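Here's the structure we're looking at; comments come further down.
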Amino acid sequence: MNPKRSGWITGVVALQLLYTFVVLALPLYLLILTRAPETRSGPDAAEEVAGLRIAAAVVGGPAVVALIAWFGLWRGKLWGWCLTVLMDLGLVGVFVFSLIDDGRNNIDGVVVALTASAIVTVVYLLLPKVRRFYWGRNHSVLAAASLPPV
C-alpha cells in the first residue's frame with residue numbers, strides 16, 4: 001500500500017475488501033446448498049436446485065465485478081472508485097428491492113446486514129477526503145487534456 005494514504009483511504013479499501021469477500025462467498029454458499037441433502041430430498045428438489053444455481057450465477061457476476069472494482073480502489077485509480085460506487089449502489093438497490101418484495105413480516109436479517117454494509121461503504125466512499133484522494137490524482141491529467149495545444 002501507498003505510505004501517503006490516510007487512514008480513511010486504508011479503511012475504505014479494507015471495508016470494500018471485506019464486503020467483496022462477503023459478496024463472493026454468497027454464490028459459493030448457494031452452490032453448496034445445491035448439494036445439501038435437505039435441498040435434494042425436498043418435493044420440488046430439481047426446481048429448487050435450478051433456482052439456487054440461477055441465483056448463484058446472478059450474484060456471481062456482480063461479485064467478480066466487485067473484486068475488479070476493489071483492485072482499482074486498492075491501486076488508487078479513479079475507475080476503481082467509480083466502479084465501486086456504482087456496484088455498491090446497484091447492490092443497495094437490489095437488496096432494498098429484496099427487502100420490499102419480501103414484505104414487512106418476512107424480513108431477512110442477512111439481507112438487512114448486507115444492505116446496511118453496502119450503504120455504509122457508499123457513504124464512506126463519498127466522504128470528501130476519500131473523494132479528493134481518488135479524484136484529485138486525476139485532475140492534472142484532466143486539466144492537461146483540456147488545455148489547447150501550444
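The values are calculated or read from the model by the stated rules, or taken from the named source; none is laboratory data. Just so it is clear, the model here is predicted, and its values are computed rather than measured. A quick note on method: Cβ atoms are made from the backbone with ideal geometry, for glycine too, and the neighbour counts reach across all protein chains shown. These area figures cover heavy atoms from the full protein model, side chains too; ligands, DNA and RNA do not enter into them. Shrake-Rupley method; radii C 1.70, N 1.55, O 1.52, S 1.80 Å.
A few remarks follow.
- Selection from segment 1-28 of residues that are of a type in the set (Phe, Trp, Tyr) and either farther than 21 Å from Phe95 by Cβ or loosely packed, with under 13 Cβ neighbours inside 10 Å (or both): Trp8
- Qualifying residues in segment 81-111 (those that are among the small types (Gly, Ala, Ser) and within 12 Å of the chain's Cα centre (by Cα)) - the one nearest to Val13 (Cα to Cα): Gly90
- Among (1) of a type in the set (S, T, N, Q); (2) surrounded by fewer than 12 Cβ atoms within 10 Å (Cβ to Cβ); (3) at pLDDT 85 or above, the one test that Asn106 misses: (3)
- Residue within segment 23-45 that is within 14 Å of Ala118 (Cβ to Cβ), in contact (Cβ under 8 Å) with a residue 12 or more places away in the chain, touching a helix residue (DSSP H, G or I) at 6+ places or on another chain (Cβ under 8 Å) and not hydrophobic (A, V, I, L, M, F, W, C) present: no
- Of the candidates Leu73, Leu114, Leu125, the single residue that is modelled with pLDDT under 90, open to solvent by less than 40 Å² (accessible area, probe 1.4 Å) and under 13 Å from the mean Cα position of the chain (by Cα) is Leu114.
- So Thr10, is it closer than 29 Å to Arg131 by Cα and either assigned to a helix (DSSP H, G or I) or free of Cβ contacts under 8 Å to residues at least 12 places away in the same chain (or both): yes
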